[in-house]
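Enquirer: Below: one structure in C-alpha cells.
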Amino acid sequence: MIALILLIALVLRLIALNQSFWLDEAVQVWASSSFSLADFFKLYLPGDFNPPLYHLLLHFWIKLFGTSEVSVRLLPVLLSIISIWLIWKIGLIIAGKKTALVSALLSATSPLFIYYSQENRMYLLSAFSVLFACWRFLALIKNQTWKNSFSFALSLILVGFSHFLAVLVLPVFFFLGLKGIKKGKLFLPFFIFAAAYLIYLPTFLRQLETGVALKNSFPIWGKTVGSFGLKSVTLLPVKFIIGRINIANKLVYGFVSLFLVFLYWGAAVLSIVETFKLSRKKQDQNLILIGWLLFFPPLIGFLISFWMPVFSYFRFLFVLPFFYLLIAVYLSNRINLLKTLFPFFVLINLICSTTYLFNRNFHRENWRGAVNWIHAENKESSPVIILGQTSKPFEYYDHKKSDLVIVDNPSSANLDLSVSDSSQVFLVSYSLPIFDPKDRIRGELKDLGYQLEKEKSFRQVNLEIWALTQQIPV
C-alpha cells in the first residue's frame, strides 16, 4: 500500500514540473552552478540567508543532470518522496499501520507539500531533515545504542544546515529526550551539532549582519519576506490546508478557510488534548513529541519575527508532516470518522492540489514568458533595464540576446550613459517598489524624455515599454 501511495505522490509531483523558474529558484541555480566550492563559501554564502547544505547538494546534482527546470526540480521531488516514506515510518512507530498509511496519503496529496516539492529551494530538504531527525530520535529512545546516538547526531547536523528555522526543533528533542534517554547518549548528538555550528559561526554572523542591513535599507523587503503581522500568522493554518491557491471572493475565501481550519486543525489539536487528559503513566510520549514539533517552532518563529523578518508559513514546511500525523492519529482511533472525514480530507487535498497544478494562474512567476515576449517585441535591440537584485531569472532565459542594463543602485543609475537615445527602452518593473521605493529609475527615464507606452505582466513579472517622445538638450 505504501508503494502505491508513493507512486501517487510521484505522479502528482511530475505534473507542471517544467513551469518557469521564479526569482529565488533562478538565483539558486546560478549560485550552485557558477561558483567553485571555495568561491561559493568565500564570495556568495556570506551574502545569502540560508545554510549551505542545499546549495552543495544542488551543486553536485547540476553536474550530473544539468540546469533545466525539470532536472533541477527533480531533487526536491526526490526529497519529498523520501519524506513521505519517513512519515509512514514514523506513523508506524507512534500509532501503527493505519495511522501510518493515513498520514502518508494526506502528505502525498497535500497541496502545500506538492507545491514545495516542485520548488528548487531548501524547504523540502528541511522537511526531510527534520523527519529524519524525528525517526532517529524515536529509534534512540527505543534502543539506546551508540550507533543510534551517532545517527541522531548526523540528523541534527542535516537539520541545522538545511534551514536556520529548522533548528527550532532541537529544544523539543533535547528536553523530551531528558526524560527517556541516558544522558551520555543524548548529550553526544547535541555536542557534535554544537561543534559543527561553532565552525560555521563566523559565516552565520556575516549572514545575519547582511540580513539586518538589508532589512534596514529596504523596509518593504522586510514586510514582504516575513515580518510580524496578523496576516502572516493567520495564513499558516490556512495555507497548511489549501496550499498556494486562493478564492477571488474574499467572503467565500474566509468562510471556506474557517470551515477547513476547524476540521483539520480541530482533529490535530484534539489528538494532543486527549493525550494530556490521560494520567502521566498513560500519556503517549511519542504523540506529545509530535505535538511539540508541530507547535513549538512556529511559536518561537513568531517571536523572532518581531526582530527579523522570518515568519512566513512556507518557512515552516518542516512541521507540516506532524500536522498530518496528528490528524491521522485522531481519525485512526475513530472508525466512523475514518470512513467519512478521511475521504473528505483527501478530496479537499486533491481539489486544491489539482487546482494549483492545472491552473496556470497559481503557478510561479513567468520569467520565461516575459523574456520571450521582450524578444518578440524588441525589434530594434533596444536596451532592457532591470534591477541587479532581480536579473538572474531574466539572464537564465535570455541567453545573452538582449542589451541588458543592470542597475545595482537606483539612486545613481546614470541611464543616460546606457540608453544612448534609443527610440524605446524596456523596463523590468518587477520589485521596483521594494528596491526603488522613491521611483528614481522611472524618474530618470522621464527626465531623458521617455514616457510609458505599454505595460505587460507575466504572473507578477511586470514589464514596461518606454518610448522617446522628445530629445532633452544636454
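Values quoted throughout were computed directly from the atomic coordinates according to the rules given, and no laboratory measurement underlies them. Model, not experiment: these values are computed from the prediction. As a convention, Cβ positions derive from the backbone with ideal geometry for all residues, glycine included, and neighbour counts pool all protein chains shown.
Enquirer: Quick one: of K142/K277; K142/K182; K63/K401; K400/K446, which pairs are farther than 22 Å apart, Cα to Cα?
Expert: Pairs exceeding 22 Å: K142/K277; K63/K401; K400/K446.
Enquirer: Another question, then. Assign unit charges at the C-beta atoms only (+1 for Lys and Arg, -1 for Asp and Glu), then state the dipole size of the stretch 32-189 relative to its Cα centre in Debye, rounded to the nearest 20.
Expert: 860 debye
Enquirer: Tell me, what ³J(HN,Hα) does each residue in the stretch 453-466 have, in order and in whole Hz, if you take phi through Karplus 6.51 cos²θ - 1.76 cosθ + 1.60 with θ = phi - 60° and put x for Gly and Pro?
Expert: Couplings: 10, 7, 10, 8, 10, 10, 6, 6, 8, 8, 10, 9, 10, 10 Hz.
Enquirer: For the stretch 112-125, in order, what is each residue's ³J(HN,Hα) by Karplus, 6.51 cos²θ - 1.76 cosθ + 1.60 with θ = phi - 60°, in whole Hz (x at glycine and Pro)?
Expert: 6, 5, 5, 4, 7, 5, 9, 10, 7, 9, 8, 5, 6, 4
Enquirer: Have a look at the DSSP beta bridges in the chain and tell me what percent are antiparallel, nearest 5.
Expert: 65 percent
Enquirer: Under the rule of at least 5 residues apart or a separate chain, name every residue whose amide H is placed under 5 Å from the amide H of N378.
Expert: none
Enquirer: Nothing charged except the Cβ atoms of Lys and Arg (+1) and of Asp and Glu (-1): what's the magnitude of the dipole of the chain about its Cα centre? Round to the nearest 20 debye.
Expert: In total the dipole reaches around 2720 debye.
Enquirer: From the Cα trace of the chain, what convex hull volume per residue do you get, rounded to a whole Å³? List each step's numbers first, then the result.
Expert: Values: hull volume 74.4 nm³, N = 474.
In the chain, the Cα hull volume divided by residue count equals 157 Å³.
Enquirer: Continuing with this model, one more query. The stretch 327-399: which trypsin sites (Lys or Arg not before Pro) are DSSP loop and have at most 15 other beta-carbon atoms within 10 angstrom?
Expert: When the trypsin sites (Lys or Arg not before Pro) of the stretch 327-399 are filtered for loop state and at most 15 Cβ neighbours within 10 Å, R334, K379 remain.
Enquirer: Using amide H atoms built 1.01 Å from N in the peptide plane, name the residues 5+ places from D403, or on other chains, whose amide H lies under 5 Å from its own.
Expert: The answer is V384.
Enquirer: Sticking with this structure for a sec: Starting from the Kirkwood radius over alpha-carbon pairs of the stretch 37-130, derive D by Stokes-Einstein at 20 °C in a medium of 1.002 mPa s and give it in µm² s⁻¹.
Expert: The Stokes-Einstein estimate is 147 µm²/s.
Enquirer: With θ set to phi - 60°, apply the Karplus curve 6.51 cos²θ - 1.76 cosθ + 1.60 along the stretch 193-198 and write out the HN-Hα couplings as whole Hz, x wherever there is a Gly or Pro.
Expert: Each residue's phi maps through the Karplus curve to give 4, 4, 5, 5, 6, 5 Hz.
Enquirer: Something else: What ratio of Cα Rg to 2.2 N^0.38 Å holds for the stretch 255-384?
Expert: With N residues counted in the stretch 255-384, Rg over 2.2 N^0.38 Å equals 1.56.
Enquirer: Using only Cα atoms, find the angle between the long axis of helix 250-277 and the longest principal axis of the chain, and express it within 0 to 90 degrees, rounded to the nearest 10.
Expert: 30 degrees
Enquirer: When the Cα atoms of the stretch 367-468 are enclosed in a convex hull and the volume is divided per residue, what value in Å³ results?
Expert: Hull volume normalised by residue count: 86 Å³.
Enquirer: A further question follows. Can you show me the helix-derived [θ] at 222 nm for the chain, built from DSSP H runs with n ≥ 4 at -39,500 (n - 2.57) apiece and divided by the number of residues, rounded to the nearest 500.
Expert: Numbers: 21 runs with 306 residues, N = 474.
Taken over the chain, the calculation gives -21000 deg cm²/dmol.
Enquirer: Then there is this: Which log10 I(q)/I(0) values, to two decimals, does the stretch 1-80 give at q = 0.16 Å⁻¹ under the Debye formula with one point per Cα?
Expert: -0.65
Enquirer: Which angle between 0 and 90 degrees, to the nearest 10, do you get for helix 97-109 versus the longest principal axis of the chain when only C-alpha atoms count?
Expert: The angle comes out at about 10 degrees.
Enquirer: Next question, about the same structure. Charges on Cβ only, +1 for Lys and Arg, -1 for Asp and Glu, centred on the Cα centroid of the stretch 2-362; of S68, L178, V11, which one is farthest towards the dipole's positive end?
Expert: L178
Enquirer: Using the crude model of +1 on Lys and Arg Cβ and -1 on Asp and Glu Cβ, and no other charge, please compute the dipole size for the stretch 367-468 relative to its Cα centre, in debye to 20.
Expert: It comes to approximately 400 debye.
Enquirer: Using only Cα atoms and rounding to the nearest 10 degrees, what angle (0 to 90) does helix 53-65 make with the longest principal axis of the chain?
Expert: Roughly 70 degrees, rounded to the nearest 10.
Enquirer: Long-range amide H contacts for F458: which residues qualify at under 5 Å (H placed 1.01 Å from N, peptide plane, sequence gap of 5 or more or a different chain)?
Expert: When sequence neighbours closer than 5 places are left aside, the close amide H contacts are L463.
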